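Enquirer: Got a structure here, written out as structure tokens. Questions coming.
The values are calculated or read from the model by the stated rules, or taken from the named source; none is laboratory data. Small disclaimer: the values here were computed from a predicted structure and weren't measured. FYI the Cβ positions are ideal-geometry reconstructions off the backbone, even for glycines, and counts take in every protein chain you see.
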């Protein structure tokens, strides 16, 4: 029995953490700098850009008020996911990987506790919200979210389960609150679309039903 007790009991999560972090450790200095930039600022900036692209693509659709409301919800869902995460992180109080594993090659000094990842939660929330109104862009954002999750672990700033928990939190917040958010945002966007100053936000809800002025003159002639 003593021999059985002494057998190694591998921790899969730590194996993944060390494997991914080891990949970062073998990178040259310039590649490490690129990895840090992409994981810290590059992918979040890309998420903002894709959300703006979604608005440009959807603001002229026949269902523009609802579609644009979904785009606005993507940004709000990311913020809500981070707000919900704040008390969770304090309650779980999981130390950063480097605090318990000082032999890691840490490229970013994370602040606060580790579980769950704000970056992963925000990215997942944006992905789910955009997928509800544009599957292509939603899938693209989901791909970026997965990439960001890998990079956060490579940087040594999060455990894999921190990222998985962030994905779950962000997706749940965006999906579960979507009905209420859309019911609130869609009328607001439709109202903005009918005003002179904010008509650029989205196509007017009744625009497709109203014939163009030159068409009316042609019929009258």
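Enquirer: Inside region 84-97, can you point out the residues that are farther than 10 Å from residue 116 by Cα, touching a residue at least 60 places away in the same chain (Cβ under 8 Å) and not in a loop (DSSP other than H, G, I, E, B)?
Expert: Once the filter is applied, which keeps residues that are farther than 10 Å from residue 116 by Cα, touching a residue at least 60 places away in the same chain (Cβ under 8 Å) and not in a loop (DSSP other than H, G, I, E, B), region 84-97 yields 84, 97.
Enquirer: Right, here's the next one. Could you go through region 123-134 and let me know if any residue there is part of a helix (DSSP H, G or I), over 12 Å from the mean Cα position of the chain (by Cα) and farther than 30 Å from residue 109 by Cβ.
Expert: Of region 123-134, the ones part of a helix (DSSP H, G or I) are 123-131.
Next, from what is left, pick out any that are over 12 Å from the mean Cα position of the chain (by Cα): none.
No, region 123-134 contains no residue that is part of a helix (DSSP H, G or I), over 12 Å from the mean Cα position of the chain (by Cα) and farther than 30 Å from residue 109 by Cβ.
Enquirer: Now a separate question. When you scan region 98-119, do you find a residue that is part of a helix (DSSP H, G or I), over 21 Å from residue 32 (Cα atoms) and under 14 Å from the mean Cα position of the chain (by Cα), even just one?
Expert: There is at least one residue in region 98-119 that is part of a helix (DSSP H, G or I), over 21 Å from residue 32 (Cα atoms) and under 14 Å from the mean Cα position of the chain (by Cα).
Enquirer: In addition: What residue, of 87, 65, 44, is at pLDDT 85 or above and under 16 Å from residue 149 (Cβ atoms)?
Expert: The unique qualifying residue is 44.
Enquirer: Could we say that residue 146 is within 30 Å of residue 32 (Cα to Cα) and surrounded by 24 or more Cβ atoms within 10 Å (Cβ to Cβ) here?
Expert: Numbers: within 30 Å of residue 32 (Cα to Cα): yes; surrounded by 24 or more Cβ atoms within 10 Å (Cβ to Cβ): no.
Here the answer is no, as residue 146 does not meet what is asked.
Enquirer: Give 35, 4, 20, 14 a once-over and let me know the one that is in a helix (DSSP H, G or I), modelled with pLDDT under 80 and at negative phi.
Expert: Only one candidate passes the filter, namely 4.
Enquirer: With free of Cβ contacts under 8 Å to residues at least 60 places away in the same chain, farther than 20 Å from residue 20 by Cα and crowded, with 23+ Cβ neighbours inside 10 Å as the only criterion, which of 129, 183, 81 stands out?
Expert: Values: 183 fails: crowded, with 23+ Cβ neighbours inside 10 Å; 81 fails: free of Cβ contacts under 8 Å to residues at least 60 places away in the same chain.
It is 129.
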